[in-house]
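Remarks on the structure that follows.
The values are calculated or read from the model by the stated rules, or taken from the named source; none is laboratory data. Treat the numbers as computed from the prediction; the structure is a model and nothing was measured. As a convention, Cβ positions derive from the backbone with ideal geometry for all residues, glycine included, and neighbour counts pool all protein chains shown. Each accessible area value is taken on the protein alone, full model and side chains, heavy atoms only, with ligands, DNA and RNA left out. Shrake-Rupley method; radii C 1.70, N 1.55, O 1.52, S 1.80 Å.
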Amino acid sequence: MPVGLEDDDDLAARTVDAATPRPVPWGGLVAHLRASTAWRRVVPASLVMAATEVAVRLVVRLRPQRLERARLAMAAVVGGTPREQDLPRLTRRHLIVWPQAWETAWRPWQLRRMPVEGLDRLASVAPGRGVVLSTTHYGPPIAMAYLPRTVGPIYAAVGDHLFQSNPPGYDGHQNEHSRAMLTGGGWQLVRARGSADVFARVLRGGGFVSLSFDVPGSARVRFLGKTVGVKSGTARLAADTDSVVLPAAMVRRGSGWAVHIDEPIDPRDHPTWESVLQATADVHSRLVLQAPEYLESPLREGGWAAATADGWHAKAGS
């Protein structure tokens, strides 16, 4: 744990609260089975992945509006990029790969074996400097659950849903599984709202924090070939605390996944925090465009008010 944080009662209270198990009210047998890890230990992942693809294709035939929703999402992601020509294929892939990504997340024994590439880049960061791990909502959810066991404690900004009571059914199981996996893997979860001061203290103590880059905000960057409004916290925190930004993402490696750590972005090499934020956006654009169908839809609940091939805006009309 970073120097000076062991006795921080406020921080301790926050992280202990996140580690408290929360029951999931019964939401039916189907939801319970979907969230079960027991049967997944005996059923090969490849078989479930294939069955998931067949099921999604059947659902699309019965509910073509889902295909249109996926097309709008992928058009917003790849519009203005070289991958735009792949839109029809990416649309169908997006519908298939997201339930498959969650299938991976329900298999913690696979996550424990997830390789981490680029650790030498983390080692290049000067001792005593904080690190802002910058990620996107890309690939299998919670797939970096065990990263702290390799790099040390990571303080992460998360939504209120991981602190609240779980709703009944599958959504509640997802929330509880995510909370349990992250805290069990060594992540220190902190409510995103009001976390800036906490994270600044962690970084000044030479600690490690994690922020999602693809979160709606008012700072405008060029991301995926278009202007996108994102939150500026990643760059501001790094600049204010003399910390480095370390972009990271899940990447496909054969039939599996790996945690990829990219080159550090040092605010000392940039004139402004805006420049740091744009450099971060450039790295994430490159990583996402390798397989853009794995990026969570910008049209998701809690996402951008407007997201098209021309740009993503946090507020309608902005």
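Would you be able to say whether some residue in the stretch 219-232 is buried (at least 20 other Cβ atoms within 10 Å of the Cβ), farther than 30 Å from A31 by Cβ, more than 16 Å from the chain's Cα centre (by Cα) and among the hydroxyl-bearing types (S, T, Y)? No, because not a single residue in the stretch 219-232 is buried (at least 20 other Cβ atoms within 10 Å of the Cβ), farther than 30 Å from A31 by Cβ, more than 16 Å from the chain's Cα centre (by Cα) and among the hydroxyl-bearing types (S, T, Y).
For (1) open to solvent by 40 Å² or more (accessible area, probe 1.4 Å); (2) farther than 20 Å from T308 by Cβ; (3) under 19 Å from the mean Cα position of the chain (by Cα), each residue gets a yes or a no:
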| site | (1), (2), (3) |
| --- | --- |
| R63 | yes, yes, no |
| R66 | yes, no, no |
| T104 | no, yes, yes |
| R112 | yes, yes, yes |
| T135 | no, yes, yes |
| V151 | no, yes, yes |
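Taking first residues from the stretch 145-160 that are among the small types (G, A, S) and partners that are surrounded by 21 or more Cβ atoms within 10 Å (Cβ to Cβ) and assigned to a helix (DSSP H, G or I), the Cβ contacts under 6 Å between residues at least 6 apart in sequence or on separate chains come to A145/L111; A145/L182. Can you tell me which residue in the stretch 301-316 is least open to solvent (accessible area, probe 1.4 Å), limited to those that are farther than 13 Å from V221 by Cβ, aliphatic (A, V, I, L, M) and part of a loop (DSSP other than H, G, I, E, B)? The selected residue is A309. When each of V78, V24 is tested for being open to solvent by less than 60 Å² (accessible area, probe 1.4 Å), modelled with pLDDT of 95 or more and in contact with a Gly (Cβ under 7 Å, 6 or more places away or on another chain), the lone residue that passes is V24. When D197 is tested against (1) acidic (D, E); (2) in contact (Cβ under 8 Å) with a residue 12 or more places away in the chain; (3) surrounded by fewer than 19 Cβ atoms within 10 Å (Cβ to Cβ), just one condition goes unmet, and that condition is (2). Among the residues of the stretch 282-298, those identified as crowded, with 18+ Cβ neighbours inside 10 Å and touching a helix residue (DSSP H, G or I) at 6+ places or on another chain (Cβ under 9 Å) are V288, P292, E293, Y294, L295, E296, S297, P298.
Scan the stretch 233-275 for residues that are over 16 Å from the mean Cα position of the chain (by Cα) and open to solvent by 10 Å² or more (accessible area, probe 1.4 Å) and the total you get is 23.
Find the residue count for the stretch 27-48, including only residues that are assigned to a helix (DSSP H, G or I) and open to solvent by less than 40 Å² (accessible area, probe 1.4 Å). Reasoning before the result, please.
Residues of the stretch 27-48 assigned to a helix (DSSP H, G or I): 29-34, 39-41, 45-48.
Next cut, open to solvent by less than 40 Å² (accessible area, probe 1.4 Å) only: 31, 40, 45, 48.
Adding up the residues that qualify gives 4.
Checked against the criterion of being in contact (Cβ under 8 Å) with a residue 12 or more places away in the chain and farther than 21 Å from G185 by Cα, the stretch 104-115 contains not a single residue that satisfies it.
Kindly indicate whether any position in the stretch 171-192 is of a type outside the set (V, I, T), outside any helix (DSSP H, G or I) and over 19 Å from the mean Cα position of the chain (by Cα). Before the answer, list the steps.
To start, the set of residues in the stretch 171-192 that are of a type outside the set (V, I, T) comprises 171-182, 184-189, 191-192.
Still in the list and also outside any helix (DSSP H, G or I): 186-189, 191-192.
Imposing the further condition that a residue be over 19 Å from the mean Cα position of the chain (by Cα) reduces the set to none.
Looking through the stretch 171-192, none of the residues is of a type outside the set (V, I, T), outside any helix (DSSP H, G or I) and over 19 Å from the mean Cα position of the chain (by Cα).
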